[in-house]
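Asker: Dumping the structure here so I can ask a few things about it.
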């Protein structure tokens, strides 16, 4: 799953610290130290191709390169926005929050329930700050600490 954020500056303006933090939040943190050490900027990430991902970032697996491309596209083309979550892959138990038990090879927008207004503020809404994925379920955590679950939670028996 991927979480979109509205408060992101244009990718080309990011320094290596911002790029490093971003790759960690999108689940590709293994290359974060390389980015800081080599001072890889947002402009370099914006123009990243397969060779750059493999040689400069150490991202060798095609699935991780595809994920980075998808995340770059969201930032680059301004698709980033509050309360949008994208999911793809196995949905056998409804863990993506999508109807049906299909596999989704391409990212799909996850339909989210109406997010409540923050208490005491008439215009600021809650927003999702974190997404956690399990084998059969996913959790969406809001800035107010609310947790929404989807899928089939089955605790391990010990």
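Asker: Examine segment 56-67 for a residue that is without any contact (Cβ under 8 Å) to a residue 40 or more places away in the chain, assigned to a loop (DSSP other than H, G, I, E, B), surrounded by 18 or more Cβ atoms within 10 Å (Cβ to Cβ) and more than 18 Å from the chain's Cα centre (by Cα), and state whether such a residue exists.
Answerer: Yes - at least one qualifying residue is present in segment 56-67.
Asker: Let me ask something additional. Within segment 93-141, how many residues turn out to be part of a strand (DSSP E or B) and modelled with pLDDT of 80 or more?
Answerer: Matching residues across segment 93-141 total 15.
Asker: Considering only residues that are in contact with a strand residue (DSSP E or B) (Cβ under 9 Å, 6 or more places away or on another chain) and outside any helix (DSSP H, G or I), look in segment 9-46 and name the one that is farthest from residue 75 (Cα to Cα).
Answerer: That would be 27.
Asker: Now, a different point. If I filter segment 23-43 down to residues being free of Cβ contacts under 8 Å to residues at least 24 places away in the same chain and within 20 Å of the chain's Cα centre (by Cα), which single residue comes out as surrounded by the fewest Cβ atoms within 10 Å (Cβ to Cβ)?
Answerer: If we take residues in segment 23-43 being free of Cβ contacts under 8 Å to residues at least 24 places away in the same chain and within 20 Å of the chain's Cα centre (by Cα), then 33 is surrounded by the fewest Cβ atoms within 10 Å (Cβ to Cβ).
The values are calculated or read from the model by the stated rules, or taken from the named source; none is laboratory data. Owing to the predicted nature of the structure, the values given are computational and were not obtained by experimental measurement. No Cβ is skipped: glycine too gets one built from the backbone with ideal geometry, and neighbour counts run over all protein chains shown.
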